[in-house]
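Beneath this line is the structure, given in structure tokens, with notes to follow.
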Amino acid sequence: MNQQIFESGYAAYQAGDWAAAAMTLSQVKSEGEVSGKTDHLRGNALMQLGRYAEAADAYADALADTEYGMVGALCTNRGRALVASGKLREAVESLNMATQDDSYPTPYKAYMSMGSAYRALGDIRSAGIAYRNAAIDEANPDPSAALRKLGSCFMDLGRPGDAVESYRTALDFSTSAHEQNSIYCELALAYVAGNRMNEALDAFNHATADGTLVLTPEARATYDAARNAVAARQGDRRNSETDIFLAAAGYGNYPVDPLDPTGDASGNLMPNPEDTGFFSVSEEEIVNDDRRRRRGRGGKILLVLFIVLLLIGAAAGFAYYNGFGWPMQEAVVEDVFAAKTNGESVDQYVSGSLDEGTRKQIEALVPSGATVSITGVKRAMSTSEVQANATLEEGGERSYNITLVRDGIGWKISAFEPAFVASTEDPTANQTPADQQQGDQQAQPEQTEPAPEQQPVEQTEPAPAPQEEQPAPEPEPEPAPQPEAPVEENVEEYVEEPVYYEETDYSEPEYNEEYSEETPEE
């Protein structure tokens, strides 16, 4: 093993230069040599590049190094790489091996990926079992994500009652208000499927109470159906549009004598022929009168059509100027997430003015299997911005800033960037050196990112050379100690520099989670 090449590849890996890291790390080993952490890092870099089949092979090479260990983490990463490359059966086998590693501290990650693989195979029952195992894993910090997946499986199996229980349990573990709104919406759909309209209406009201959740067209239609059903049962259904139109035309609910349609109480229940002149008019006059009526009616119709077209054109121009279009910005963002989840190309949602590299970068950034919700839209005539929040299928959330440009009457994506949140809190500011050392020792097994062969030791100043004994000078007054300026850290909470891909979706993985700084030295 060439240690110098390894250190060069590891430096590229730490800098986020995935292409250089993958190429350099592939040159570390000689033929027939095994190095678990080299192939581990190489597999992570290949996953970041979207080269999933090569990443799966790299993880398999790492598993060949029996002294390296970390079987559960490597099998989980390999399973996700196989899922992303379409080899679902092999992925299930690899993920099963991960769950059988007793030393693997986070098996729920393997179960979540296993559920996704089984759903892609159409085995909804096995997917539900995998999600249930992920939810009850004590190491799972967010069981709500697995419970929502389990509820979705129950809905697909036609068991809305069990889905209701899954969603209600997920509410107990969810923390953010937006996530709770999404769970309430899914709970409402399960209630409707079980014909429990009153409870469905209550769940929908909870989901939309603060106005932050944007319902999908299907959810909106279901919400309206639930309200109408409840109103009909209570006998308080509102008038239809036809009733309102007839009332505006003068057909009210006032009493009318059917024998006196004129309503003047004249006593002439049938019109007098002499008053109308109908029986004294000639046939030619009748024909001419009919022609005049037809011409006048045709002109009115043309005038009405012209006014309607003018109003439609004005409304369309106003909507275009204010950033509206078809499809809307929200629909484009939701469709690009759905396309990535379904394994479809996202090129149709990306602006054609972008080069091929940028288009691939945008596709790589879109997470697969995520539940997306729109948190904000800034509309303009030619360029719009959308803020979206994605709930990853492995758990956790990620925010994105998405820029869209006008494409005809619709919109296409021109930029897709994660939204980073900075934090300046130093978790070790109030700890003593003994506490910090104890915390480092306790946290040691949780580190999973493989470190280079030799760690840099703390640099200390060399001891000064012995000097000849000099008479001690008179002590001078020491200056007052100056307070140390607080050091601000710019820690990005969005990324914790994980090594493992398993922290994120397999279509846009982050892999640094499983890397351990204390891997055995070769």
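Taking 21 Å as the limit for the C-alpha separation, the pairs 360/412; 149/360; 149/412; 340/412 exceed it in the case of 149/360; 149/412.
Label positions at residue 177 and residue 300, each projected 7 Å from the Cα along the C-beta direction, are separated by 5.4 nm.
Between residue 23 and residue 234, what length comes free when the chain is fully extended (0.36 nm per residue of separation minus the Cα-Cα distance, one decimal in nm)?
69.0 nm
The residues neighbouring residue 161, those whose beta-carbon lies less than 15 Å from its own, together hold a net charge of -2 under the Lys/Arg +1, Asp/Glu -1 convention. Given their separation in residues at 0.36 nm each and the Cα-Cα distance between them, residue 199 and residue 218 gain 5.0 nm when the chain is fully extended. Close amide H contacts of residue 407 (hydrogens built in the peptide plane, cut-off under 5 Å, sequence separation of 5 or more or a different chain): 412. Under 22 Å of direct C-alpha separation, and excluding same-chain neighbours fewer than eight residues apart, residue 37 reaches these lysines: 29, 109.
Most tightly packed first, judged by the mean number of other beta-carbon atoms within 10 Å of their residues, the peptides 167-175, 69-77 read 69-77, 167-175.
Rule-based calculations on the coordinates, nothing more; no lab input. Keep in mind the model is a prediction, meaning the values are calculated, not measured. Quick reminder, even Gly has a Cβ in these numbers, built from the backbone with ideal geometry, and neighbours come from all protein chains shown.
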